[in-house]
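Here is the structure we will look at, set down as structure tokens.
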Amino acid sequence: MDHGDSRLLACGLAAGPLQAQSNDTASDAGMAMMGGMETEGIPRLPPVAGYAEGDRIFFVHMEASDAGIAGTLTEMMGSPVPVVPALADAPDSMLANVYAFENGIQPEGPRGPLNYQPDVFDRPVGSYGYTPLRRIMLVTWKNDARARVLTSAADVEAARSAGDIEVRDSGIVVNMPFLTWPGGER
């Protein structure tokens with residue numbers, strides 16, 4: 001796929017922002033971290049739902065290598081996503097994968113970039129090789145009747161090995177740091 005795939009541009013990389021719940025204790029801790037500085041009016045990044053190692057996780061979109069994706073994410077999330085073309089030149093050693101689904105299950109609640117299941121991440125925080133820089137891998141179910149929600153990179157690999165899906169590299173890299181991960185959170 002080239003960097004301008006219209007379906008990816010039309011749908012973005014997540015179904016939309018999730019609303020964070022207020023937590024007075026967290027706000028107090030934030031004030032302490034800010035040295036008593038007032039934090040009202042400081043931007044908050046909208047979290048997005050996905051999966052890693054079978055667990056629901058939350059992450060944010062920071063920057064994208066592709067202007068079309070950055071624009072789509074900016075509009076979709078209501079938070080600017082700067083374009084950093086050099087992200088696409090990052091060496092493989094600095095990249096992990098995020099799997100975005102082009103067809104399959106359309107669950108209730110959060111969905112992924114193309115209006116199907118939420119994205120699936122390999123190498124989450126705490127695993128060997130974690131990196132927030134994610135290569136977008138597009139997943140296509142060969143037979144919609146066999147489609148199911150996948151919640152781990154191992155599930156994706158098993159479905160690929162069974163011949164149920166095709167996976168291809170989009171050529172796009174997005175900085176997607178985790179907010180929560182299996183067994184942890186910020």
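The values are calculated or read from the model by the stated rules, or taken from the named source; none is laboratory data. Computed from a prediction, not measured in an experiment: that's the story for all the values here. Cβ placement follows ideal geometry from the backbone for every residue including glycine, while neighbour counts extend to all protein chains displayed. Ligands, DNA and RNA are excluded from the accessible area calculation, which covers all protein heavy atoms including side chains. Shrake-Rupley method; radii C 1.70, N 1.55, O 1.52, S 1.80 Å.
Considering only residues that are surrounded by fewer than 24 Cβ atoms within 10 Å (Cβ to Cβ) and within 25 Å of Pro82 (Cβ to Cβ), which ones fall in the range 45-59? Full working, then the answer.
We begin by selecting, within the range 45-59, every residue surrounded by fewer than 24 Cβ atoms within 10 Å (Cβ to Cβ); these are 45-47, 49, 53-56, 58.
Selection gives Leu45, Pro46, Pro47, Ala49, Phe58.
Which condition does Gly184 not pass, out of (1) at pLDDT 95 or above; (2) within 30 Å of Pro82 (Cβ to Cβ); (3) not hydroxyl-bearing (Ser, Thr, Tyr), if it passes all the others?
With respect to (1) at pLDDT 95 or above; (2) within 30 Å of Pro82 (Cβ to Cβ); (3) not hydroxyl-bearing (Ser, Thr, Tyr), Gly184 is out only on (1).
Just a yes or no: is a residue in the range 161-170 assigned to a loop (DSSP other than H, G, I, E, B), in contact (Cβ under 8 Å) with a residue 24 or more places away in the chain and not small (Gly, Ala, Ser)?
We begin by selecting, within the range 161-170, every residue assigned to a loop (DSSP other than H, G, I, E, B); these are 162-164.
Next, from what is left, pick out any that are in contact (Cβ under 8 Å) with a residue 24 or more places away in the chain: none.
Looking through the range 161-170, none of the residues is assigned to a loop (DSSP other than H, G, I, E, B), in contact (Cβ under 8 Å) with a residue 24 or more places away in the chain and not small (Gly, Ala, Ser).
Mind listing whichever residues of the range 97-113 are open to solvent by less than 30 Å² (accessible area, probe 1.4 Å), under 18 Å from Thr72 (Cα atoms) and not aromatic (Phe, Trp, Tyr)?
Selection gives Val98, Ala100, Glu102, Gly112, Pro113.
For residues in the range 114-135 being within 24 Å of Arg186 (Cα to Cα) and in contact with a helix residue (DSSP H, G or I) (Cβ under 8 Å, 6 or more places away or on another chain), which is most open to solvent (accessible area, probe 1.4 Å)? Lay out the reasoning, then the answer.
At the first step, the residues of the range 114-135 found to be within 24 Å of Arg186 (Cα to Cα) are 118-135.
Pick out the ones that are also in contact with a helix residue (DSSP H, G or I) (Cβ under 8 Å, 6 or more places away or on another chain) and you get 120-123, 131, 133.
Details: Val120: 0, Phe121: 2, Asp122: 26, Arg123: 79, Thr131: 17, Leu133: 21 Å².
For the range 114-135, the residue satisfying everything is Arg123.
Could you please give the count of residues in the range 67-125 that are among the acidic types (Asp, Glu) and under 15 Å from Met176 (Cβ atoms)?
Taking the range 67-125 first, the residues among the acidic types (Asp, Glu) are 75, 89, 92, 102, 108, 119, 122.
Restricting the remaining residues to those that are under 15 Å from Met176 (Cβ atoms) gives 119, 122.
Result for the range 67-125: 2.
Hey, does the range 151-160 have a residue that's open to solvent by 10 Å² or more (accessible area, probe 1.4 Å), without any contact (Cβ under 8 Å) to a residue 12 or more places away in the chain and assigned to a loop (DSSP other than H, G, I, E, B)?
no
Quick one: how many residues across the range 99-113 are closer than 17 Å to Pro47 by Cβ and touching a helix residue (DSSP H, G or I) at 6+ places or on another chain (Cβ under 6 Å)?
1
Applying the selection to the range 136-150, what residues are more than 12 Å from the chain's Cα centre (by Cα), among the β-branched types (Val, Ile, Thr) and open to solvent by less than 30 Å² (accessible area, probe 1.4 Å)? Please lay out each step first, then the result.
The first filter runs over the range 136-150 and keeps only residues more than 12 Å from the chain's Cα centre (by Cα), leaving 138-150.
Filter again for among the β-branched types (Val, Ile, Thr), leaving 139-140, 149.
Once the filter is applied, which keeps residues that are more than 12 Å from the chain's Cα centre (by Cα), among the β-branched types (Val, Ile, Thr) and open to solvent by less than 30 Å² (accessible area, probe 1.4 Å), the range 136-150 yields only Val139.
Please give the strands (runs of 3 or more DSSP E) falling wholly within the range 31-135 in which 1 or more residues are touching a residue at least 40 places away in the same chain (Cβ under 8 Å) and either among the small types (Gly, Ala, Ser) or more than 23 Å from Ala154 (Cβ to Cβ) (or both).
Working: elements: 48-52, 55-59, 96-101.
It comes to 48-52, 96-101.
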